[in-house]
Amino acid sequence: MNDQAQRLAGRLLLHEELQLSEPEMTHYLATNKLTALSPFLKNFLSLQCRRCGNKQRHLFGEMPCSNCKKTHAYCRKCINMGRVMACTPLYWWTGPKPVWPQLAHPMVWSGQLTPAQQKASNCIYHAIKTGQASLLIHAVCGAGKTEMLFEGIAFALKSQKRICLATPRADVVRELLPRFEQAFLGVEIVGLYGGNGAHQQTGQLTIATTHQLLRYQHAFDVMIIDEVDAFPYHADPSLPYATKRAQTQQATTIYLTATPREKRLKRLPTIFVPVRYHGYPLPIPQLKIVPLFDHSHGLTSLWTWYKGRTDPNRQLLIFTATIKQANQLFPVIKRRYPDQRVMLVHANDAERIDKVRQFRDKQLDILITTTILERGVTFPSVDVVVLQADHHVFDQAALVQIAGRAGRDPKDPNGDVIFIYSGKTRAIAHAVRAIKRMNKKAGF
Ligand SMILES: [Zn+2]
Ligand SMILES: [Zn+2]
């Protein structure tokens, strides 16, 4: 029974996602271990999808149902997780609570925290221990956020709490999972993102995209939301809805970000970590202004900088505003630098994971990318160029994050960061100001 409780507790699943035999299903329903919940909440005039929280009328469709032989509503908003029709119940475990193994020493990580990391780590530990409702860790890119979490998570594991580390980006899940598996050897850890096929697995520690939390209800005693300001978390109301619902009532929520943009976040109890773990300042972006009549679209500036760059051994990340622009740039860069290994990656790229891995393994010299690599990925020694940095996709948070890709390693803490643009935006000005301010707070 505990196996089923571990697998099903705190989840909100469709019939086919339960993966139970018909006799098991009938038995669990008859003994109230499983409860069928109506998928839509009906208010006087409106409908709300229980799974994704959608209330918008135009995001409900209608279609004929082969079961009921009539036409009824379904939610279009969350359809990519399996269609929810008016007659499709969502199943919720109401049986015994899962019991997680008693772990005396769940953490095997033995690294050293810097004083700034230790201070944040203590606050996280304290928040989890005392059941504090929320805490914001505002830490600059490269502050070593992940390690700050370890002691708090170890405490939660020992206390048999269930923990979720959620992030809007699948790349971040892929990057964090092996690091947690190493630090918490022997702990059941599950990593969830769209299409990775791990939905049937469970663990006391879950690392998931916020999107996957649409399948959870009242599951986690500790919810850590990494990169809380990243797209699409702040742009899609169903993600905060699902994240909130996935927590138990007494849960502690820890928010991690380098760029808090929401007013709501700024009101939370906050720990500020202005210094990178290696103790060097954040690289300040160099601004290259391109006249509007420049027909090279900023490429002349790129060529000039590239020729004189401080360290030719560094790899290069070139950010473009759109996939189209990335596609146009790719052959140009290859022609210009025939001896460099150049690749292109974007959100719809089927080989995206592999290309990022190749770049990390230094099998590539130059990677052209859209904003998908703006955060959560760490390469030890890179220069960063943003072309058309005045494009609206590059908001202040994105530019701060992109600049934060450079200089992550103590062996090479000073990567070049180049913003190329023709009209200075508020985002550019504010990003540069924010980076300088953080360096000042760190005592540089
Ligand atoms: Zn829905
Ligand atoms: Zn029906």
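The values are calculated or read from the model by the stated rules, or taken from the named source; none is laboratory data. Values in this document were obtained by computation on a predicted structure and should not be read as measured data. Cβ atoms come from the backbone with ideal geometry, glycine included; neighbour counts cover every protein chain shown.
Details
- Residue within segment 421-437 that is part of a strand (DSSP E or B) and touching a residue at least 24 places away in the same chain (Cβ under 8 Å) present: yes
- In segment 229-256, of all residues being touching a residue at least 40 places away in the same chain (Cβ under 8 Å) and assigned to a loop (DSSP other than H, G, I, E, B), the one that is surrounded by the fewest Cβ atoms within 10 Å (Cβ to Cβ) corresponds to 232.
- Only listed residue being more than 11 Å from ligand 1 (Cβ to nearest atom) and surrounded by fewer than 18 Cβ atoms within 10 Å (Cβ to Cβ), chosen from 86, 36: 36
- Residue check for residue 259: surrounded by 15 or more Cβ atoms within 10 Å (Cβ to Cβ), at pLDDT below 95 and not basic (Lys, Arg): yes
- Screening the candidates 54, 122 for the property of being on the phi < 0 side of the Ramachandran plot, surrounded by fewer than 17 Cβ atoms within 10 Å (Cβ to Cβ) and under 24 Å from the mean Cα position of the chain (by Cα) yields one hit, 122.
- Where residue 21 falls short, out of the listed (1) under 29 Å from residue 223 (Cβ atoms); (2) more than 16 Å from ligand 1 (Cβ to nearest atom): (1)
- When residue 406 is tested against (1) touching a Lys or Arg at 6+ places or on another chain (Cβ under 8 Å); (2) surrounded by 19 or more Cβ atoms within 10 Å (Cβ to Cβ), only condition (1) is not met.
- The residue list 348, 313 contains one member that is within 28 Å of residue 411 (Cα to Cα) and either of a type in the set (Asp, Glu) or outside the structural domain of residue 171 (by TED's automatic domain parsing) (or both), which is 313.
- Filtering segment 57-83 to residues that are away from ligand 2 (no atom under 14 Å from the Cβ) and exposed (fewer than 15 other Cβ atoms within 10 Å of the Cβ) leaves 57, 58, 79, 80, 82.
- Under the condition of being outside any loop (DSSP other than H, G, I, E, B) and within 23 Å of the chain's Cα centre (by Cα), the residues counted in segment 403-416 number 2.
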